[in-house]
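The values are calculated or read from the model by the stated rules, or taken from the named source; none is laboratory data. Since the model is a prediction, treat every value here as computed from it, not as a measurement. Cβ placement follows ideal geometry from the backbone for every residue including glycine, while neighbour counts extend to all protein chains displayed.
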Amino acid sequence: MDRRVHSRSIRVTHHGRFAGFSLVELLVVVAIIGTLVGILLPAVQAARESARRAACVNNLKQLGIATSSYELATRRFPPSCVWSGSSTTDASSNAVWSAQGRLLPYLEECAIGAEVHRQLAVPYSQATLSTGQLISGLRLPALLCPSEPNIQIRTKADGTPENAPLNYAVNLGTWLVYSPATRSGGDGAFFPNSRLPASAFTDGLSKTIAMAEVKTYTSYFRNAGLSASAPPASPEAVCGLGGEFKNDLPTAGTGHTEWVDGRSHQTGFTAAFPPQTRVPCVRPSGTYDIDWNNQQEAKSLTAPTAASVTSRSHHAGVVSYVMLDGSVHQATDAIAPETWRALATRAGSETNATAP
């Protein structure tokens, strides 16, 4: 072997021993690398979350534009759902398509939107594409926040995609959503059969929320059938209102997992409590952060739909929302309850409803 080549690949000390890293040197290098990773990782994670939050804001912006485009085309804002109000078993009671579904043609989801509009009289659980795929089982990125970890599609027993979640819910007001007895809605921007013109928003479109963030797979109660004349005094009181507890999955409920369904617990929120409020409920199976819906829309001819469906997000300290004029804002955890409720009403005559 050529000794000159050999000398380039192996260092030799003046004592004739091979030179290398000592154990102490290796440990120092590993410690330095670990320190650098510890310093850089939080910064990288923060940068990624900042990017995800920006993408979430953009999604809301596009939904705001779509809502405005719908109003320009029809001279009305879309209803949260449409129901005849005369039966809980007819076709209309099972075809309560969401406002989000009605907005799809204005959200660059023209093909799916066209199918939704063609099948508005068909129960959403039966509507399909030409391929036979259920529309309800389609995951729509425009309705999902990039920070949401739970975006899995609910499937039937045979594995068929059945329902896909969403993170952006329409504003159903402060408490009362709809009274089937009087066929009248609450004080929000949307309610069953609403189709409100811009002139109905006397607070102004810039001071009324259109949509806000919610978390997918929320546990909730429904169909307690109470008079529901007033909201509970505290978040802790919600659990005691009772009803049918919906916690179908091992560790989560199914609220906000059906973007096609126009009912409160699936595609809406209310301002009974400020965003990010924890609404605790202790059950034999564990402790949950819950929503509550007194009565599913189109399931009773007498019981009112009143709801505590809280706006929540996976962004630390803030929830993003879009106003009816298309502007996007963020509410911090410190927002006053009365301010949040004012933003959720369309005709409260507020002049200073601004979030921090």
Which numbered condition P78 misses (of (1) farther than 30 Å from P304 by Cα; (2) at pLDDT 95 or above): (1)
A careful count of residues in region 264-293 that are over 13 Å from T305 (Cα atoms) and not in a strand (DSSP E or B) gives 13
Going through region 318-329 one residue at a time, which ones are more than 15 Å from T277 (Cβ to Cβ) and assigned to a strand (DSSP E or B)? S320, V322, M323, V328, H329
Name the pairs whose Cβ atoms lie under 7 Å apart, with the first residue in region 173-190 and on the phi > 0 side of the Ramachandran plot, the second among the hydroxyl-bearing types (S, T, Y), and 6 or more positions between them or separate chains? G173/T270; G173/T345
When (1) more than 21 Å from S313 (Cα to Cα); (2) of a type in the set (S, T, Y); (3) at pLDDT 95 or above are applied to Y217, the one that fails is (1)
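For the condition without any contact (Cβ under 8 Å) to a residue 12 or more places away in the chain and within 29 Å of V319 (Cα to Cα), what is the one hit in C110, C145? Give the steps one after another, and end with the answer.
On the way: C145 fails: without any contact (Cβ under 8 Å) to a residue 12 or more places away in the chain.
Unique residue meeting the criteria: C110.
For region 132-155, name all the residues that are assigned to a loop (DSSP other than H, G, I, E, B), β-branched (V, I, T) and within 24 Å of H117 (Cβ to Cβ).
Step one: list which residues in region 132-155 are assigned to a loop (DSSP other than H, G, I, E, B), which gives 132-133, 138-140, 144-153.
From the residues that got through so far, the ones that are β-branched (V, I, T) too are 151, 153.
Hit for region 132-155 is I153, nothing else.
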Mind checking which residues of region 83-140 are within 20 Å of the chain's Cα centre (by Cα), among the charged types (D, E, K, R) and at pLDDT 95 or above? R102, R139
Failed condition for L60, given (1) surrounded by 15 or more Cβ atoms within 10 Å (Cβ to Cβ); (2) assigned to a loop (DSSP other than H, G, I, E, B); (3) in contact with a Ser or Thr (Cβ under 9 Å, 6 or more places away or on another chain): (2)
Residue list for region 331-348, filter: free of Cβ contacts under 8 Å to residues at least 40 places away in the same chain and closer than 25 Å to A54 by Cβ: T332, A334, T339
Of those in region 198-254 that are without any contact (Cβ under 8 Å) to a residue 60 or more places away in the chain and in a strand (DSSP E or B), the residue surrounded by the fewest Cβ atoms within 10 Å (Cβ to Cβ) is E244
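Would you say R346 is crowded, with 22+ Cβ neighbours inside 10 Å, part of a loop (DSSP other than H, G, I, E, B), in contact with a helix residue (DSSP H, G or I) (Cβ under 7 Å, 6 or more places away or on another chain) and not polar (S, T, N, Q)? Quick ask: steps written out before the conclusion?
Values: crowded, with 22+ Cβ neighbours inside 10 Å: yes; part of a loop (DSSP other than H, G, I, E, B): yes; in contact with a helix residue (DSSP H, G or I) (Cβ under 7 Å, 6 or more places away or on another chain): yes; not polar (S, T, N, Q): yes.
Spelling it out, R346 is indeed crowded, with 22+ Cβ neighbours inside 10 Å, part of a loop (DSSP other than H, G, I, E, B), in contact with a helix residue (DSSP H, G or I) (Cβ under 7 Å, 6 or more places away or on another chain) and not polar (S, T, N, Q).
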Would you check if A99 is in contact with an Asp or Glu (Cβ under 8 Å, 6 or more places away or on another chain), under 30 Å from E49 (Cα atoms), in contact (Cβ under 8 Å) with a residue 12 or more places away in the chain and buried (at least 16 other Cβ atoms within 10 Å of the Cβ)? no
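Considering region 294-317 alone, what residues qualify as being of a type in the set (A, V, I, L, M) and part of a loop (DSSP other than H, G, I, E, B)? Don't jump to the end; show me each part of the working.
Of region 294-317, the ones of a type in the set (A, V, I, L, M) are 298, 301, 303, 306-307, 309, 316.
Listed by number, the residues that qualify are A298, L301, A303, V309, A316.
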